[in-house]
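The values are calculated or read from the model by the stated rules, or taken from the named source; none is laboratory data. The structure presented is a predicted model; accordingly, all values stated were derived computationally and were not measured. Here the Cβ positions follow ideal geometry from the backbone for every residue, glycine too, while neighbour counts run over all protein chains shown.
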Amino acid sequence: MVDWAFEIPYVSGGRTESGADCWGLVVLFYNKHMNIDLPLYEWVAPDKSTMHKTTCEQAKQMALDIGLFEEVDSPEYGDLVLLNIMGMPIHIGVVIDKNLMLHTGSSHGVVVEDFTEMKWKRRIKSFHRYKK
C-alpha cells in the first residue's frame, strides 16, 4: 500500500517524490491515498542548528487554525501523529494501521514503525484527523 514511499529520499523541506521531509511525506500520502491536497508549507523545515525555526508543530497549528484538522484521542488510518524530538513537537507521521505510522527522517529515510513501542509512545504529543 505504501511501497511507493520507500523510494523517496529524505530531503529537508522536500515536498515531492524526488525528496521529502516529514511534512512532505504526509502531503504526498494524503494526495495519493486520500485524494486530498494539503498545504505544502514549503518554508517549514526544522533547523537542526537552532531548533527554533518554524516547525511541524507550527504547521500543524496553522492547519488547525484554518480548520483542516481536529485533535483526536484514538488514531485511525490517515490521522497525523505529532511527535516530540529532543523535547519539542517537531516531527510528524501518518497512521497507516492500528499501531503503525509512516514517517521519514534524515537518519533513516522512509520507514514504518509501531508508535505504541516505547521508542515512540513516550514521544507522542497528539493525534489529528482531517476534517471532511
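Kindly indicate whether any position in region 25-46 is surrounded by 14 or more Cβ atoms within 10 Å (Cβ to Cβ), at pLDDT 85 or above and small (Gly, Ala, Ser).
No, because not a single residue in region 25-46 is surrounded by 14 or more Cβ atoms within 10 Å (Cβ to Cβ), at pLDDT 85 or above and small (Gly, Ala, Ser).
Tally time: how many residues in region 1-24 are assigned to a loop (DSSP other than H, G, I, E, B), out of contact with any strand residue (DSSP E or B) (no Cβ under 8 Å at 6 or more places or on another chain) and surrounded by 16 or more Cβ atoms within 10 Å (Cβ to Cβ)?
Of region 1-24, the ones assigned to a loop (DSSP other than H, G, I, E, B) are 1-2, 8-9, 11-14, 17-18, 21.
Next, only the ones that are out of contact with any strand residue (DSSP E or B) (no Cβ under 8 Å at 6 or more places or on another chain) stay: 1, 12-13, 17-18.
Then keep just the ones that are surrounded by 16 or more Cβ atoms within 10 Å (Cβ to Cβ); that gives 13.
Total satisfying the criteria: 1.
Filter region 103-118 down to the residues that are of a type in the set (Val, Ile, Thr) and farther than 13 Å from Asp21 by Cβ and list them by number.
Our first condition is that a residue be of a type in the set (Val, Ile, Thr); within region 103-118, this holds for 104, 110-112, 116.
Matches in region 103-118: Val111, Val112, Thr116.
Can you list residue pairs whose Cβ atoms sit under 8 Å apart, with the first residue in region 111-132 being more than 13 Å from Asp79 (Cβ to Cβ) and the second being among the β-branched types (Val, Ile, Thr) and not in a helix (DSSP H, G or I)? Count only pairs 6 or more apart in sequence or on different chains.
Short answer, once both residue conditions are applied: Val111/Thr104; Val112/Val2; Val112/Ile96; Arg123/Ile85.
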